Amino acid sequence: MNGAEVILELLRTHGVDHIFASPIAVMAPVWEALARRRERGGGETPRYLQCRHESLAVSLASGYYKATGRAQVVFLPTGLGVLNGAMALRTALQERTPMTILSPDTLTYGELEELDPGPEWPSLLVDLPGPARHGELAVKWSREAKTPGDVVHELRRALYLAEAVPRGPTLLSVPFDLLLGEVPYEPCAKIEARSVVATAQQLDEIATLLARARTPLIITEHGGRTEAESAALVGLAEALAAPVFEFMMPAYHNVPRTHPLAMPGTVEPVLDQADVILIAGSNAPWHPPLQKLQPDSAVIHLEEDPLRPRAPYWGYRTTHAVAGDRRGNLEGLLQRIRHHLPSPPAERAERWRTYRERTLAAGEKQAEVASREVRDAVPAAALFRALHRALPESSIIVDEIVAQTPQMLHFLYAEKPVLQYRGWVGALGTSLGTALGAKLGRPDHTVVCILGDGALHYNPVPAAFGFAQQHGVPILVVVCDNRGYVSQTWNVRKYFADGAAVRTGQFFGNVISPIPDYARLAQAYGGEGERVTEVAALDGAIQRALATLKSGRSVLLDVFVEP
């Protein structure tokens, strides 16, 4: 077999479902291997999916993993493709999302006629670093296969290391010469990335700390990624009668937001009350970092890789670090705490129930006041109430918004256990791909991508709607259209409250003008689009959108919102 055939066979036997590909001509050996497989009547696993854009391909793999827990493979064209997909790869690295990137290169540059990648390679497509070096800053592991024997060994390493804790993207560069040439292959089993957890001694120590705490707190950003992790977080909260606070822009619906110990709002107002704080999966638990804490409080960072070794900063007080698989460590703590505390403190639970009700009431009042000031647009609270009423309980929400996040968290998850996958990490432009990957992984679920009009411009919109149309994965896209980049005014108002921009209303960097007709974007790819500018039109527009989804077509709702 040639290298392309070996790669496909290895991916099949290692349980890869899909190859998300941004194509380039040197993938011809792969395409021919796929065609031969189909000609022979062989299976279609892994399924090759043409994605039209590098960042879309990476985001699709990310969304698919979030929905299924199964790591996938992405083809990116040489170093240029790796660079174009680097922002989405950086997002996957930050989120600890496993996937393996394969990127072609050349060893001979056309010197050998039988291995010529094409005339564009020496002049246009190669860089001194090459794909592996280009990807180093955005992946956890990066290598180049240099010999036929490398292909199998290095690909098996890449697949294993992507799923080993701490999880993340890996990259293997495979030159065209090796894709086309003969590669030795013997069938081999997948190397399973088994869970690694803290020692029993350390879990005993942490459980004792938490059980003896007067006011324990739990903080999370992504600690409830799976049902099992979420159940462990809820179990810990109930066993301790401790509240769970989420980061202001949570990565998942970590615990049911209807639970009496799931706190609305942020943790900063109550941090100084806690004597033991459990940070269970969070890149930044509070802000500013130097918060006032009790002098003798214990702060426990439970994470795949505590203290964030791949980040430039961890200035948060930390007294204990619990490394390894989050689920295993959370479940280990829960088992021990239930032994220490057979009956959770009822008074503590009641105190937090009261705090929760008071905070929710304040949020309702704030939204009501804000809604009365809105003109010629839809209050964000009204939008999320309407979506909450209309969407099935099994819906998946992928969000890429900033200004409307508090209203989304408060009203969209008020009663229904809809899933949430954050579609971005700092850099914008990955939510559409994440939503499409989630839909591919869970085709029976309604998938809604909620993003701002600013974020929409960063996404590969034509490629995304084209993918949805070509592969039959319709999604509902809701654009929170505040006609600009509202978040770009926040620091101007904070640091220059009496400055010229505030006095004159002339802000720079926040305006999108003239206002585009976003609804037509979906129509160009067989979908439907509609603009909504008033509350009275919301329910009807959402119902029409859901009906269109059932017909197999995507929909974009452009909703004028405030803020």
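The values are calculated or read from the model by the stated rules, or taken from the named source; none is laboratory data. Just so it is clear, the structure is predicted and the values come from calculations on it, not from any experiment. As a convention, Cβ positions derive from the backbone with ideal geometry for all residues, glycine included, and neighbour counts pool all protein chains shown.
Has the stretch 469-490 got at least one residue that is modelled with pLDDT under 95, on the phi > 0 side of the Ramachandran plot and in the same structural domain as P392 (by TED's automatic domain parsing)? Checked the stretch 469-490: at least one residue is modelled with pLDDT under 95, on the phi > 0 side of the Ramachandran plot and in the same structural domain as P392 (by TED's automatic domain parsing). In the stretch 487-539, the residue that is farthest from G426 (Cα to Cα) out of those that are among the hydroxyl-bearing types (S, T, Y) and within 28 Å of the chain's Cα centre (by Cα) is Y525. Screening G265 with (1) buried (at least 22 other Cβ atoms within 10 Å of the Cβ); (2) under 19 Å from T405 (Cα atoms) gives one miss only, at (1).
Taking the stretch 11-21 as the range and being buried (at least 20 other Cβ atoms within 10 Å of the Cβ) and either at positive phi or in contact with a Phe, Trp or Tyr (Cβ under 8 Å, 6 or more places away or on another chain) (or both) as the test, the residues that pass are H18, I19, F20, A21. A search for C-beta distances below 6 Å between a residue of the stretch 118-132 that is under 14 Å from F176 (Cα atoms) and touching a residue at least 12 places away in the same chain (Cβ under 8 Å) and any residue that is buried (at least 19 other Cβ atoms within 10 Å of the Cβ) and of a type in the set (A, V, I, L, M, F, W, C), counting only pairs 6+ apart in sequence or on different chains, returns P131/V82. Residues that are modelled with pLDDT of 95 or more and surrounded by fewer than 24 Cβ atoms within 10 Å (Cβ to Cβ) within the stretch 72-94 comprise L83, N84, A86, M87, R90, L93, Q94, listed in sequence order. Is it the case, given these coordinates, that L556 is within 24 Å of A403 (Cα to Cα) and not in a helix (DSSP H, G or I)? In short, yes. Got at least one residue in the stretch 242-253 being under 17 Å from the mean Cα position of the chain (by Cα), among the aliphatic types (A, V, I, L, M) and surrounded by 22 or more Cβ atoms within 10 Å (Cβ to Cβ)? Scanning the stretch 242-253 turns up at least one residue that is under 17 Å from the mean Cα position of the chain (by Cα), among the aliphatic types (A, V, I, L, M) and surrounded by 22 or more Cβ atoms within 10 Å (Cβ to Cβ). Residue count for the stretch 98-130, restricted to those that are surrounded by 13 or more Cβ atoms within 10 Å (Cβ to Cβ) and within 33 Å of the chain's Cα centre (by Cα): 14.
Applying a threshold of 7 Å to beta carbon distances and a minimum spacing of six or more residues, or different chains, the list of pairs starting in the stretch 514-531 at a residue that is within 9 Å of L557 (Cα to Cα) and ending at one that is hydrophobic (A, V, I, L, M, F, W, C) and in a helix (DSSP H, G or I) reads Y518/L456; E528/A522; G529/A519; G529/L521; G529/A522; E530/A519; E530/A541; R531/A519. When N329 is tested against (1) in a helix (DSSP H, G or I); (2) of a type in the set (S, T, N, Q); (3) surrounded by fewer than 18 Cβ atoms within 10 Å (Cβ to Cβ), just one condition goes unmet, and that condition is (3).
Taking the criterion of being out of contact with any Leu (no Cβ under 7 Å at 6 or more places or on another chain) and more than 17 Å from D517 (Cβ to Cβ), would at least one residue in the stretch 473-484 satisfy it? No: the stretch 473-484 contains no residue that is out of contact with any Leu (no Cβ under 7 Å at 6 or more places or on another chain) and more than 17 Å from D517 (Cβ to Cβ). R353 meets all of the listed conditions (1) in contact with a helix residue (DSSP H, G or I) (Cβ under 9 Å, 6 or more places away or on another chain); (2) surrounded by 14 or more Cβ atoms within 10 Å (Cβ to Cβ); (3) not small (G, A, S) but one, namely (1).
Look through the stretch 480-500, keep the residues that are part of a loop (DSSP other than H, G, I, E, B) and touching a residue at least 12 places away in the same chain (Cβ under 8 Å), and return whichever of them is surrounded by the most Cβ atoms within 10 Å (Cβ to Cβ).
N482
One line per residue, one yes/no per condition, for (1) surrounded by 24 or more Cβ atoms within 10 Å (Cβ to Cβ); (2) over 25 Å from V374 (Cα atoms); (3) of a type in the set (D, E, K, R):
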| position | (1), (2), (3) |
| --- | --- |
| H410 | no, no, no |
| P443 | no, yes, no |
| L451 | yes, no, no |
| V478 | yes, no, no |
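Within the stretch 136-159, one or more residues are buried (at least 22 other Cβ atoms within 10 Å of the Cβ), in a loop (DSSP other than H, G, I, E, B), outside the structural domain of I277 (by TED's automatic domain parsing) and of a type in the set (V, I, T).
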